[in-house]
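One structure is given here, and the rest of the page talks about it.
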Amino acid sequence: MGKTVRDHLVDTLEELTQDGFKRFKTKLNVFPVKAGYSNIPRGQLEKADVLDVCDKLISFYLEKYAVEVTVEVLTAINERELADRLRKATGTGSSGEGQQPGPSDGATGKEEAHFVDRYRVQLIERTAPVEPILDLLHGDILDEEQYQTIRSGNTNQEKMRKLYLLMPSWNKKCKDRLYEALKAKNKFLIEDLEGN
């Protein structure tokens with residue numbers, strides 16, 4: 001049964017007609033996403049095929065929110081049946097039945113999302129300054145190129161977004177290191193979030 005979230009997204013979008021897929025991409029570009037996330041630029045979507053779009057969904061929104069966005073966009077373009085099928089297949093969304101870790105995510109059936117995933121939006125909006133955190137990650141987690149790319153962001157928010165773009169490829173150890181770095185340099189922010 002081991003289908004990944006990406007597999008489910010690919011299966012779902014491949015069901016769309018050519019016209020439906022075009023409508024999906026157009027809507028995706030202007031869809032009102034949660035604070036802390038940004039829309040996928042139109043230029044990146046125009047010539048993208050199903051696989052490209054799925055990769056972009058996951059790198060921009062991480063798996064769980066990528067499914068939510070896809071379900072909402074499909075609903076908005078009147079593809080409700082596909083939206084429902086995706087929601088059931090991934091156990092996500094407002095139907096509520098599939099909220100327990102089931103066979104589809106048995107591999108990730110741990111307690112809950114990692115702290116840095118759970119508080120993505122707040123960490124992007126409120127982490128300042130970002131450089132001391134990058135310094136702690138430099139070498140082990142971030143290579144020189146990644147370090148410089150993230151530092152090139154104009155604002156703290158932009159730097160944190162760039163850091164989050166790398167995260168889909170990180171394991172728990174990398175996320176733990178980021179958490180430790182945040183705690184060392186932004187103690188009060190972390191205490192505030194943990195107190196929620």
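What follows draws every value from the coordinates through simple rules; no lab data is involved. Nothing here was measured: the structure is a model prediction, and the numbers come from that model. We place every Cβ from the backbone using ideal geometry, glycine too, and count neighbours over all the protein chains shown.
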Quick one: length gained pulling Glu158 to Glu145 fully straight, 0.36 nm per residue minus the C-alpha distance? 3.0 nm
Segment Glu180-Gln44, extension gain: residue separation times 0.36 nm, minus the distance between their alpha carbons: 45.6 nm
What does the extension gain come out to for Asp55 and Asp19, with contour length at 0.36 nm per residue minus their alpha carbon separation? 10.9 nm
Pop out the ³J(HN,Hα) list for region 141-152 in order, Karplus 6.51 cos²θ - 1.76 cosθ + 1.60 with θ = phi - 60°, rounded to Hz; leave Gly and Pro as x. 9, 9, 7, 4, 5, 4, 4, 5, 4, 5, 5, 6
With R₀ set to 41 angstrom, the calculated FRET efficiency between the beta-carbons of Glu191 and Lys27, to the nearest 0.05, is 0.55
Taking N as the number of residues in region 115-194, what is its Cα Rg relative to 2.2 N^0.38 Å? 0.97
